[in-house]
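Engineer: My structure is below; once you've seen it, I'll send some questions.
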Amino acid sequence: MATTADLIITNGRVITMNAHQPQADAIAVAGGRILAVGSYDDVAAYRGPDTKLIDAQGKTVTPGINESHIHIFGGSAELDQLSLYNVKGYEALKAAVQAYAASKPNDPLLIANTADYTILGDGRGLDRHILDSILADRPLALMSPDHHTVWANTIALTKAGILEGRQLPSGNEIVMGDDGLANGELREHYAFDDVMALSASAGRDRLGLSTGDEPEIAPTAADRAFDRELIKRGLHHLASHGITSFQNMDGNRYQLELLSEIQAEGNLICRGRVPLHYVSGDIVEQMDKAAQMRADFNGEWLNSGTVKVFMDGVLDSHTALMYDDYADRPGWKGEPRFDQETFNRICTEADKRGLQIAVHSIGDGAVASVIDGYIAARIANGARDSRHRIEHIEVVRDVDIQRMAELQIIASMQPPHPPGQMGLPLEPTLTRIGRSNWKRAYAWRAIRTAGVDLIFSSDWPVSPVSPMRSIHSAMTRQRWADDLPDNRQTLMEALDAYTTKAAFAEFAEDWKGQLKPGFAADIVVWDTVLDAVDPKVIETVAPAYTICAGRITYQA
């Protein structure tokens, strides 16, 4: 007798992502795995009296979405914070902040996100004096969309102890005013960490991103419960968008412990991979810690084994590392977070332990340095199936695309990020890059054509986590000039980057990312026929059901 299915999905337009059986109508699931894929007649033998049936009503069914670059703890925290998305002008900013402050009378730090670099318009920049005129008596911090700049008011700077400035590591800056005091603009993590630590979570949600260290003061049972509830809200948010796996791009052991506690409660509804974020400290000790995290967390629901590193910042604040000078700032290329010798050693020590490396590299100078580091590791340790990654790659030289292909480096890119997409302004980014470099910016097509494995993501909370908004951006991207390459992606290319290739990027291609017998029953039933939707409106598509390991984690 055939195994009885726990769940059968029927009447679907199933896109399997399995080249040997690209399409089907029905799927049978048991014990968290796929039993059969085919016609209803093929799976009917698995139906029993207790089998749950889902009628897909002719709509598209795909593998679960694998979000390969997010920040689960910080993103979860931001769900309850003020969003300034599409807020423009001083009066609108003032009204939004003051209303939010009134709604949060007890918050020790008011945080507003998605504050665009041009939010005031007319070439005006934010500073503490403007924020003081909006709210002077409570700490206030505005975070840029890219999460690399914060603007804080005077009381926040004072409470954080940085009103008079402070010496910081390379690539970070507390911008000083003519009066000798901080003007409120804080560039990169070391500049604004002390301000963000004034928050209700005492900055625990940002530790994996800012330092990669563990909490200095051991969290109490109440702290841990608070943090778990935060993350659980985030997990439900992911599931509501069809996401069944996430690959975090910041991390420490504390995040893994919280997720493990959520798993023990039975509430881990998305599979997660969490790295160690290396910022500073003894390299050997830190890589040993990363190896221990991999040994201790190595299941299908929760695992580690990656080292995350930042090589540079972002274009809009001139902190991305360029190969040549910025087009709008002659004599300035940006500063690397690590000199080449140190970075080579980080790569060599991580690679020696069989750890994957993922490096934030936005400028073409950073991308070149990271590839050099990966080559140094290969020379020291020998070639292996390392699947090292480069995150973002917003500007890249042609020669480095070829080097990525030769070294089998994974390109991890974000369709929402090019200027002009998803409401982002064209400036100041296009001017920073320079007209002659536009063809090498966000070069999805050239990277794919070169044979580099390409994965897509949102970088949530930098961009909304919705994969359909990201796929919309990938399919409808506009050229900034007629002589530039067409970087638009097909639906199948975008789905591949969010499923099959994303599974490959975390060494899981033999058990997830496709709908085929024996694979994980991570499935999305969408609310429409995907390949019949005009790409211009595909962002409105949503899940009818999200299923992870055969369990319904979201139902519309």
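The values are calculated or read from the model by the stated rules, or taken from the named source; none is laboratory data. Predicted model only: the values in this text are computed from it and were never measured. Here the Cβ positions follow ideal geometry from the backbone for every residue, glycine too, while neighbour counts run over all protein chains shown.
Engineer: When residue 205 is evaluated against the numbered criteria (1) touching a helix residue (DSSP H, G or I) at 6+ places or on another chain (Cβ under 7 Å); (2) of a type outside the set (Gly, Ala, Ser); (3) at pLDDT 95 or above, which criterion, by number, is the only one it fails?
Structural biologist: Residue 205 satisfies every listed condition except (3).
Engineer: For region 296-312, state whether one or more residues are buried (at least 19 other Cβ atoms within 10 Å of the Cβ), more than 21 Å from residue 457 (Cα to Cα) and touching a residue at least 60 places away in the same chain (Cβ under 8 Å).
Structural biologist: Checking region 296-312: not a single residue is buried (at least 19 other Cβ atoms within 10 Å of the Cβ), more than 21 Å from residue 457 (Cα to Cα) and touching a residue at least 60 places away in the same chain (Cβ under 8 Å).
Engineer: Going through region 209-246 one residue at a time, which ones are outside any loop (DSSP other than H, G, I, E, B), in contact with a helix residue (DSSP H, G or I) (Cβ under 7 Å, 6 or more places away or on another chain), modelled with pLDDT of 95 or more and small (Gly, Ala, Ser)?
Structural biologist: Within region 209-246, just 234 meets the criteria.
Engineer: Still on this structure: Among the residues of region 173-200 satisfying the criterion of being within 21 Å of the chain's Cα centre (by Cα) and not in a helix (DSSP H, G or I), which is nearest to residue 117 (Cα to Cα)?
Structural biologist: The extreme case among them is 187.
Engineer: So, one more: Go through region 176-187 and give me each residue that's modelled with pLDDT of 95 or more and closer than 15 Å to residue 316 by Cα.
Structural biologist: Those that are modelled with pLDDT of 95 or more and closer than 15 Å to residue 316 by Cα: 185, 186.
Engineer: Restricting the search to region 218-259, which residues are small (Gly, Ala, Ser) and within 14 Å of the chain's Cα centre (by Cα)?
Structural biologist: Scanning region 218-259 gives 234, 245, 251.
Engineer: To continue, here is another question. Would you confirm whether or not region 247-262 contains a residue that is aliphatic (A, V, I, L, M), crowded, with 24+ Cβ neighbours inside 10 Å and part of a loop (DSSP other than H, G, I, E, B)?
Structural biologist: Yes: region 247-262 contains one or more residues that are aliphatic (A, V, I, L, M), crowded, with 24+ Cβ neighbours inside 10 Å and part of a loop (DSSP other than H, G, I, E, B).
Engineer: Being outside any strand (DSSP E or B) and out of contact with any strand residue (DSSP E or B) (no Cβ under 8 Å at 6 or more places or on another chain): is that true of residue 448 here? It would help to see each step written out before you state the result.
Structural biologist: Working: outside any strand (DSSP E or B): yes; out of contact with any strand residue (DSSP E or B) (no Cβ under 8 Å at 6 or more places or on another chain): no.
Answer is no for this residue.
Engineer: Determine whether region 438-461 contains at least one residue that is over 20 Å from the mean Cα position of the chain (by Cα), surrounded by fewer than 17 Cβ atoms within 10 Å (Cβ to Cβ) and either closer than 30 Å to residue 42 by Cα or modelled with pLDDT under 95 (or both).
Structural biologist: The answer is no, given that none of the residues of region 438-461 is over 20 Å from the mean Cα position of the chain (by Cα), surrounded by fewer than 17 Cβ atoms within 10 Å (Cβ to Cβ) and either closer than 30 Å to residue 42 by Cα or modelled with pLDDT under 95 (or both).
Engineer: Quick one: is residue 521 among the small types (Gly, Ala, Ser), surrounded by fewer than 24 Cβ atoms within 10 Å (Cβ to Cβ) and closer than 23 Å to residue 269 by Cβ?
Structural biologist: Against the criterion (among the small types (Gly, Ala, Ser), surrounded by fewer than 24 Cβ atoms within 10 Å (Cβ to Cβ) and closer than 23 Å to residue 269 by Cβ), residue 521 does not qualify.
Engineer: So is residue 227 charged (D, E, K, R) and within 30 Å of residue 32 (Cβ to Cβ) or not?
Structural biologist: yes
Engineer: Which of the residues belonging to region 55-85 are within 23 Å of the chain's Cα centre (by Cα) and farther than 29 Å from residue 229 by Cα?
Structural biologist: Start the filter on region 55-85 by keeping residues that are within 23 Å of the chain's Cα centre (by Cα), which leaves 62-85.
Across region 55-85, the qualifying residue is only 62.
Engineer: Hey, another quick one. So if I check each of 112, 96, 152, which one is closer than 24 Å to residue 422 by Cα, touching a strand residue (DSSP E or B) at 6+ places or on another chain (Cβ under 6 Å) and at pLDDT 95 or above?
Structural biologist: 112
Engineer: Out of (1) outside the structural domain of residue 23 (by TED's automatic domain parsing); (2) under 30 Å from residue 498 (Cβ atoms), what's the single condition that is false for residue 59?
Structural biologist: (1)
Engineer: Another question about this same structure. Which residue, of 217, 231, 174, is among the aliphatic types (A, V, I, L, M) and touching a Gly at 6+ places or on another chain (Cβ under 9 Å)?
Structural biologist: From the options 217, 231, 174, the qualifying one is 174.
Engineer: Considering only residues of region 355-387 that are free of Cβ contacts under 8 Å to residues at least 40 places away in the same chain and not in a helix (DSSP H, G or I), which is surrounded by the most Cβ atoms within 10 Å (Cβ to Cβ)?
Structural biologist: 386
Engineer: Given the options 218, 222, 264, name the one that is under 25 Å from residue 512 (Cα atoms) and outside the structural domain of residue 170 (by TED's automatic domain parsing).
Structural biologist: When all the criteria are applied, what remains is 264.
Engineer: Would you tally the residues in region 115-136 being in contact (Cβ under 8 Å) with a residue 40 or more places away in the chain and closer than 17 Å to residue 86 by Cα?
Structural biologist: Residues meeting the conditions: 5.
Engineer: Moving to a separate point now. Just to be sure I understand the filter: pairs with C-beta atoms under 6 Å, separated by 6 or more residues or on different chains, first member in region 20-43 and within 14 Å of residue 514 (Cβ to Cβ), second member part of a strand (DSSP E or B) and not hydrophobic (A, V, I, L, M, F, W, C). Which pairs pass?
Structural biologist: Pairs that qualify, where the first residue is within 14 Å of residue 514 (Cβ to Cβ) and the partner is part of a strand (DSSP E or B) and not hydrophobic (A, V, I, L, M, F, W, C), are 24/38.
Engineer: Looking only at region 526-554, how many residues end up being β-branched (Val, Ile, Thr) and under 15 Å from residue 466 (Cα atoms)?
Structural biologist: Residues meeting the conditions: 5.
Engineer: Give the residue that is farthest from residue 420 (Cα to Cα), with candidates limited to residues of region 485-508 that are surrounded by 14 or more Cβ atoms within 10 Å (Cβ to Cβ) and more than 20 Å from the chain's Cα centre (by Cα).
Structural biologist: Once the filter is applied, the top-ranked residue is 491.
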